[in-house]
């Protein structure tokens, strides 16, 4: 059994959640948190299955990553 960190982003405008699995480079979505988690699991399983079938290495997390946020300034374009 392998464990992967996922990132969930709530879509406040349209509802639902976008899900990223960074180590696998996989993205999916779900209308509810439970659905998003289930879709992430299914997407990860299918991706890993495809890697195995193609003879590619399957990456696994040795330790959980450090997750942090940063703030950046976004320049406002000059108006003509």
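The value for the chain of Rg(Cα) / (2.2 N^0.38 Å) is 1.43. Taking 27, 40, 68 as the candidate residues, the one with maximal mean-square fluctuation in a Gaussian network model of the chain, Cα springs under 10 Å, is 68. Taking label positions 7 Å along the Cα-Cβ direction at both residue 71 and residue 53, the computed distance is 4.7 nm, reported to one decimal. Computed per residue of the chain from DSSP H runs no shorter than four, each worth -39500 (n - 2.57), the mean residue ellipticity at 222 nm is -9000 deg cm²/dmol.
I'm checking a number: the convex hull volume of the Cα atoms of segment 9-53, normalised per residue, in Å³. What is it? Each step should come with its number before you reach the end.
Working: hull volume 2.5 nm³, N = 45.
Output value, Cα hull per residue: 55 Å³.
Give me the angle, in degrees from 0 to 90, between the Cα long axis of helix 33-53 and the longest principal axis of the Cα atoms of the chain, rounded to the nearest 10. Compared with the principal axis, the helix lies near 50 degrees.
Since every read-out is calculated from the coordinates, none of them should be taken as a lab result. Computed from a prediction, not measured in an experiment: that's the story for all the values here. As a convention, Cβ positions derive from the backbone with ideal geometry for all residues, glycine included, and neighbour counts pool all protein chains shown.
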